[in-house]
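Encoded as structure tokens, the structure appears first; notes follow it.
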Amino acid sequence: MSTYSINDLVSDLEGITAVYTDEREILSRAAPLVRRVMEDQSWVKPAFYDCGEDQGFGITVLHEGEDHKLLVEAIAWLPGRGVLPHDHQTWGIVVGIDGIETNVNWLRNDDGSKIGFADLTAAHELRVGPGDVAVFMPDDIHSVRNDSDKTTLSLHIYGKSLSQIDRSEFDPEAKVVRSCPKREKTAAA
Ligand SMILES: [Fe+2]
């Protein structure tokens, strides 16, 4: 059986997104392909585990379309670290590779009319382990934590280059919404 590679995944996702624009349709068609690319993980490299101590996680870009329409990244999380709640403003799929990451989905209670203010409630906690798939709609708000004592790794696929989007980050305790900081990234060798 030939290996289904990241390049195969990218090419199939480009085909899907050329035909479909509805995010739910894209996610339902993309999820089985994401499971398929996990069958042979020879594309996973030790360098994917490299993390910046300041950021608390490390991003290796595996594919970023020149049209900024498709982004595939491996993200590693240091033990005890994570990110504040944020949105993606595009569809997204995460699949666990190594270790268990805690994904928290948040509900926004306010109507967004007060600039800089957001009132969030943690709604659902999902533990994403190897092979587990989590999907996100553009307005979904989630946070990620690595509660384990080892660096975790997961594969993330988004419908747009996140660096091109002015998306939101939330501080639930301070009830603040602001621009999501740009992440440090490494291009795959
Ligand atoms: Fe995210």
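Here is a list: Gly99, Gly112. Which entry is away from the ligand (no atom under 11 Å from the Cβ) and more than 20 Å from Glu169 (Cβ to Cβ)?
Numbers: Gly112 fails: more than 20 Å from Glu169 (Cβ to Cβ).
Step by step, each of Gly99, Gly112 is checked, and only Gly99 is away from the ligand (no atom under 11 Å from the Cβ) and more than 20 Å from Glu169 (Cβ to Cβ).
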ask   = Considering the range 97-130 alone, what residues qualify as being exposed (fewer than 13 other Cβ atoms within 10 Å of the Cβ) and closer than 25 Å to Gly52 by Cα?
value = Arg127
inquiry  = I need the full set of residues from the range 34-58 which are in contact with an Asp or Glu (Cβ under 7 Å, 6 or more places away or on another chain) and surrounded by 20 or more Cβ atoms within 10 Å (Cβ to Cβ), in order please.
reply    = Gly58
query = With respect to Pro79, is the statement that it is surrounded by 13 or more Cβ atoms within 10 Å (Cβ to Cβ) and over 24 Å from Asp54 (Cβ atoms) true?
reply = no
query = Could we say that Thr90 is surrounded by 17 or more Cβ atoms within 10 Å (Cβ to Cβ), of a type in the set (S, T, N, Q) and either in contact with a helix residue (DSSP H, G or I) (Cβ under 7 Å, 6 or more places away or on another chain) or assigned to a strand (DSSP E or B) (or both) here?
reply = no
Where Gln55 falls short, out of the listed (1) under 15 Å from the mean Cα position of the chain (by Cα); (2) within 15 Å of the ligand (Cβ to nearest atom) = (1)
task = Collect the residues in the range 64-87 that are of a type outside the set (A, V, I, L, M, F, W, C) and touching a helix residue (DSSP H, G or I) at 6+ places or on another chain (Cβ under 8 Å), keeping them in residue-number order.
result = Gly65, His68, Lys69
query = Does the range 120-137 hold any residues that are within 14 Å of the ligand (Cβ to nearest atom), touching a residue at least 60 places away in the same chain (Cβ under 8 Å) and farther than 20 Å from Ile59 by Cβ, and which are they?
reply = Met137
key: Number of positions in the range 146-179 that are within 30 Å of Asp40 (Cβ to Cβ), surrounded by fewer than 17 Cβ atoms within 10 Å (Cβ to Cβ) and at pLDDT 95 or above   = 4
request  = List every residue pair whose Cβ atoms lie under 6 Å apart, where the two residues are 6 or more positions apart in sequence or sit on different chains, the first residue falls within the range 19-37 and is over 14 Å from Leu70 (Cβ atoms) and touching a residue at least 12 places away in the same chain (Cβ under 8 Å), and the second residue, located anywhere, is part of a loop (DSSP other than H, G, I, E, B) and of a type in the set (Phe, Trp, Tyr).
outcome  = Arg36/Tyr4
ask   = Looking at (1) within 15 Å of the ligand (Cβ to nearest atom); (2) more than 20 Å from Leu27 (Cβ to Cβ), can you tell me which one Asn105 breaks?
value = (2)
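Among Val61, Val104, which is under 20 Å from Ala188 (Cβ atoms) and either in a strand (DSSP E or B) or in contact with a helix residue (DSSP H, G or I) (Cβ under 9 Å, 6 or more places away or on another chain) (or both)?
On the way: Val104 fails: under 20 Å from Ala188 (Cβ atoms).
Residue meeting the stated conditions: Val61.
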inquiry  = So in the range 139-189, with the set limited to residues that are assigned to a strand (DSSP E or B) and of a type in the set (S, T, N, Q), which one is farthest from the ligand (Cβ to nearest atom)?
reply    = Thr186
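The values are calculated or read from the model by the stated rules, or taken from the named source; none is laboratory data. Just so it is clear, the structure is predicted and the values come from calculations on it, not from any experiment. Cβ sites come from the backbone with ideal geometry, for glycine too, and all protein chains shown count toward neighbours.
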